[in-house]
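Step one of this worksheet: look at the structure below.
The values are calculated or read from the model by the stated rules, or taken from the named source; none is laboratory data. Since the model is a prediction, treat every value here as computed from it, not as a measurement. Neighbour counts run over all protein chains shown; Cβ positions are idealised from the backbone, glycine included. For the accessible areas, the whole protein counts, side chains as well, though only heavy atoms, and no ligand, DNA or RNA atoms are used. Shrake-Rupley method; radii C 1.70, N 1.55, O 1.52, S 1.80 Å.
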Amino acid sequence: LAVRMGLDEFYGCAPQTYHWDHEKYSKNAKDHVLNFYMNEVFPDVVNARDDATGEKRPYFVLLNNGFMRGPIYKGEFTKNDKFVNTPYKQRFSYVKLPRLIVERVPQSANIRPGVFLA
(Lines give C-alpha, C1' and ligand atoms only; values in the text may rest on other atoms or scores of the structure.)
Protein backbone atom coordinates (compact mmCIF):
# COMPACT_ATOMS: atom_id res chain seq x y z
CA LEU A 1 0.00 0.00 0.00
CA ALA A 2 2.83 2.42 0.86
CA VAL A 3 4.49 1.82 -2.51
CA ARG A 4 1.18 2.15 -4.37
CA MET A 5 0.51 5.49 -2.64
CA GLY A 6 4.07 6.71 -3.22
CA LEU A 7 4.77 6.99 0.51
CA ASP A 8 8.21 5.44 0.01
CA GLU A 9 9.33 8.44 -2.07
CA PHE A 10 12.76 9.42 -0.77
CA TYR A 11 13.20 13.11 0.13
CA GLY A 12 16.60 12.99 1.81
CA CYS A 13 18.46 12.06 4.98
CA ALA A 14 18.38 13.71 8.36
CA PRO A 15 21.92 13.85 9.75
CA GLN A 16 20.61 13.57 13.32
CA THR A 17 17.37 13.26 15.27
CA TYR A 18 15.57 16.56 15.81
CA HIS A 19 13.31 16.50 18.87
CA TRP A 20 9.96 18.26 19.20
CA ASP A 21 9.31 19.21 22.81
CA HIS A 22 7.67 22.56 23.52
CA GLU A 23 8.71 22.59 27.17
CA LYS A 24 12.40 21.96 26.52
CA TYR A 25 12.84 24.46 23.71
CA SER A 26 15.96 26.61 23.72
CA LYS A 27 17.53 28.68 20.95
CA ASN A 28 20.77 26.82 21.68
CA ALA A 29 19.26 23.33 21.33
CA LYS A 30 20.89 22.03 18.15
CA ASP A 31 18.69 18.93 18.26
CA HIS A 32 15.32 20.75 18.39
CA VAL A 33 13.21 20.54 15.23
CA LEU A 34 12.25 24.22 15.43
CA ASN A 35 15.92 25.24 15.34
CA PHE A 36 16.42 22.91 12.38
CA TYR A 37 13.70 24.80 10.53
CA MET A 38 14.96 28.23 11.63
CA ASN A 39 18.63 27.55 10.83
CA GLU A 40 18.51 25.10 7.92
CA VAL A 41 15.14 25.22 6.17
CA PHE A 42 13.89 28.81 6.26
CA PRO A 43 17.14 30.44 5.06
CA ASP A 44 16.82 28.32 1.90
CA VAL A 45 13.04 28.57 1.50
CA VAL A 46 12.37 32.19 2.43
CA ASN A 47 13.51 34.54 -0.30
CA ALA A 48 14.38 37.50 1.88
CA ARG A 49 16.02 39.73 -0.69
CA ASP A 50 15.24 43.30 -1.56
CA ASP A 51 13.51 43.43 -4.95
CA ALA A 52 15.48 46.45 -6.11
CA THR A 53 18.98 45.72 -4.81
CA GLY A 54 18.97 41.94 -4.35
CA GLU A 55 20.48 42.40 -0.88
CA LYS A 56 19.41 40.15 1.97
CA ARG A 57 16.88 41.70 4.30
CA PRO A 58 15.77 40.51 7.73
CA TYR A 59 12.62 38.44 7.97
CA PHE A 60 10.27 37.32 10.71
CA VAL A 61 8.60 33.88 10.66
CA LEU A 62 5.35 33.31 12.51
CA LEU A 63 4.31 29.66 12.86
CA ASN A 64 1.40 27.85 14.37
CA ASN A 65 2.98 25.44 16.87
CA GLY A 66 0.83 22.67 15.39
CA PHE A 67 2.71 22.85 12.09
CA MET A 68 4.67 19.77 13.11
CA ARG A 69 3.47 16.78 15.09
CA GLY A 70 6.66 15.08 16.12
CA PRO A 71 10.40 14.64 15.78
CA ILE A 72 12.44 14.04 12.67
CA TYR A 73 14.49 10.89 13.15
CA LYS A 74 18.05 10.41 11.95
CA GLY A 75 18.28 8.62 8.62
CA GLU A 76 16.07 8.43 5.56
CA PHE A 77 13.21 10.91 5.30
CA THR A 78 10.39 9.81 3.01
CA LYS A 79 7.01 11.08 1.93
CA ASN A 80 5.53 8.90 4.68
CA ASP A 81 7.66 10.67 7.33
CA LYS A 82 6.54 14.03 5.97
CA PHE A 83 2.89 12.95 6.09
CA VAL A 84 3.20 11.63 9.67
CA ASN A 85 4.86 14.83 10.90
CA THR A 86 3.07 17.42 8.79
CA PRO A 87 -0.16 15.96 7.40
CA TYR A 88 -1.38 19.40 6.35
CA LYS A 89 -0.66 21.27 3.15
CA GLN A 90 2.42 23.35 3.81
CA ARG A 91 2.19 26.81 2.37
CA PHE A 92 4.43 29.71 3.10
CA SER A 93 2.76 33.05 2.66
CA TYR A 94 4.31 36.39 3.34
CA VAL A 95 3.53 40.06 3.54
CA LYS A 96 5.91 42.98 3.62
CA LEU A 97 5.41 45.02 6.76
CA PRO A 98 7.11 48.07 8.19
CA ARG A 99 9.75 47.17 10.76
CA LEU A 100 7.87 49.07 13.51
CA ILE A 101 4.92 46.69 13.18
CA VAL A 102 7.06 43.55 13.02
CA GLU A 103 8.97 44.56 16.16
CA ARG A 104 5.68 44.62 18.13
CA VAL A 105 4.61 41.08 17.20
CA PRO A 106 6.79 39.25 19.79
CA GLN A 107 5.33 41.32 22.63
CA SER A 108 1.78 40.60 21.50
CA ALA A 109 2.41 36.90 20.88
CA ASN A 110 4.03 36.26 24.27
CA ILE A 111 0.99 37.37 26.27
CA ARG A 112 -0.93 34.22 25.31
CA PRO A 113 -0.20 30.85 26.94
CA GLY A 114 1.35 28.19 24.71
CA VAL A 115 3.11 30.70 22.47
CA PHE A 116 6.89 30.83 22.36
CA LEU A 117 9.39 32.57 20.16
CA ALA A 118 12.46 31.24 18.44
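Couple of notes before you dig in:
- Tallying residues that are open to solvent by 40 Å² or more (accessible area, probe 1.4 Å) and without any contact (Cβ under 8 Å) to a residue 60 or more places away in the chain within segment 68-82 yields 2.
- Of the residues making up segment 6-63, those that are open to solvent by 90 Å² or more (accessible area, probe 1.4 Å), in a helix (DSSP H, G or I) and not basic (Lys, Arg) are Glu23, Asn39, Glu40, Asp44.
- Single unsatisfied condition, Trp20 versus (1) out of contact with any helix residue (DSSP H, G or I) (no Cβ under 6 Å at 6 or more places or on another chain); (2) closer than 30 Å to Val95 by Cβ: (1)
- Residue match in segment 3-16 (condition: without any contact (Cβ under 8 Å) to a residue 60 or more places away in the chain and among the charged types (D, E, K, R)): yes
- Among residues of segment 92-118 that are within 19 Å of Pro43 (Cα to Cα), none has a Cβ under 7 angstrom from a residue that is modelled with pLDDT of 70 or more and small (Gly, Ala, Ser) at a sequence gap of 6+ or on a separate chain.
- Within segment 83-94, restricting attention to residues that are open to solvent by 60 Å² or more (accessible area, probe 1.4 Å) and not aromatic (Phe, Trp, Tyr), the residue that is modelled with the highest pLDDT is Val84.
- Residue tally, condition open to solvent by 80 Å² or more (accessible area, probe 1.4 Å) and among the β-branched types (Val, Ile, Thr), over segment 95-110: 2
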